[in-house]
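*Asks:* Please find one structure pasted underneath; my questions will follow.
Coordinate-derived values only; no laboratory data. Values in this document were obtained by computation on a predicted structure and should not be read as measured data. A quick note on method: Cβ atoms are made from the backbone with ideal geometry, for glycine too, and the neighbour counts reach across all protein chains shown.
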Amino acid sequence: MTEPIRVLFLCTHNSARSQIAEAMLRQMGGPNFAAFSAGTEASRVHPLALHVLQEHGIRTDGLYSKSLSDYLGKPFDLVITVCDQANEHCPLFPGAPERLHWSIPDPSAVTGTDEERVTAFRMVYRDLARRLPRVIERARHERDMGAHTAMERTNQMPTKTRGMPVSLPMRDDPACAPPVEVVRPSPLQLARLKAVADETRLTLLMTLLHAAEAICVCNLLPSAGVGQATVSHHLKVLREAGLIAVERRGIWAHYSICPAARDWLLTFLAEE
């Protein structure tokens with residue numbers, strides 16, 4: 001059985017941002033991911049972080065504030081800092097895992113009415129809801145590609161040399177350098193690249209990519225964070241680029257990823 005992809009979220013107090021990210025990844029990533037979070041200083045899980053997670057049907061059992069020292073020396077595939085201070089103090093982990101930094105404002109620093117305070121936490125949730133699907137898809141794709149490449153290399157190796165040291169030419173050897181070939185993108189490729197250059201369109205694509213079935217335009221509005229007219233415009237651009245398909249059900253349009261574009265989209269996300 002393949003080991004889950006281990007992801008650690010870091011912030012200052014492990015109270016809000018990293019806790020929300022941990023809970024969301026556990027539910028969105030399923031058994032393929034093992035999500036953890038910690039703070040440079042442990043404190044408590046903020047009640048509004050739990051409230052917003054429960055609003056969206058995200059499980060909160062098992063969440064508690066942890067110190068970064070609890071995870072020192074433990075291996076991770078990906079470390080994501082969600083505040084600037086944690087990014088500055090992030091230590092090195094075994095195996096040199098990939099690191100990402102997301103500068104997300106601290107919602108617990110917001111003062112004002114109860115509604116204003118909970119809105120700040122909802123904004124963090126919405127921000128992470130845009131970022132996490134892309135990370136999930138990229139990590140899965142890279143792991144699948146890595147396993148596929150390793151299998152291909154094993155199958156292509158002569159039987160007598162499998163499991164034995166093999167002498168390979170140095171990368172810097174000019175004789176090993178392949179000739180440079182300029183590949184011009186097709187009109188369809190250009191249209192797709194222009195379509196995914198917009199953050200809102202990319203968010204819509206990620207939402208559709210993780211959907212089990214076609215989604216009504218009205219259900220795409222929360223993840224996009226913009227009005228229906230703007231969402232409809234972006235969907236039209238994606239449809240013209242051949243990235244999504246539309247199906248009419250009564251007065252509503254339902255959207256899904258075009259099967260012919262799915263592999264291209266996964267490859268694009270893996271290279272980002």
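*Asks:* Which whole-number percent gives the relative contact order of segment 1-59, counting Cα pairs below 8 Å spaced six or more residues apart?
*Replies:* 42 percent
*Asks:* Still on this structure, I have one more. Sort 131-140, 219-228, 107-116 by the packing proxy (mean of other Cβ within 10 Å over each peptide's residues), most packed first.
*Replies:* 131-140, 219-228, 107-116
*Asks:* Can you give me the distance in nm between label points at residue 43 and residue 211, each placed 7 Å from the Cα along the Cα-to-Cβ direction?
*Replies:* Distance between label points: 3.8 nm.
*Asks:* Here's a follow-up. What Rg and what Dmax come out for segment 5-139 when only alpha-carbon atoms are used, in angstroms?
*Replies:* 13.8, 45
*Asks:* In 10 Å bins starting at 0, how do the alpha-carbon pair distances of segment 188-271 split up by percent?
*Replies:* Answer for segment 188-271: a P(r) of 18, 58, 23, 1 percent.
*Asks:* Find the centroid of the Cα atoms in segment 41-56 and in segment 248-268, then give the distance between the two in whole Å.
*Replies:* 34 Å
*Asks:* Return the equivalent ellipsoid semi-axes of segment 1-79 as a descending list in whole Å, where each equals the square root of 5 times an eigenvalue of the C-alpha gyration tensor.
*Replies:* 19, 17, 8
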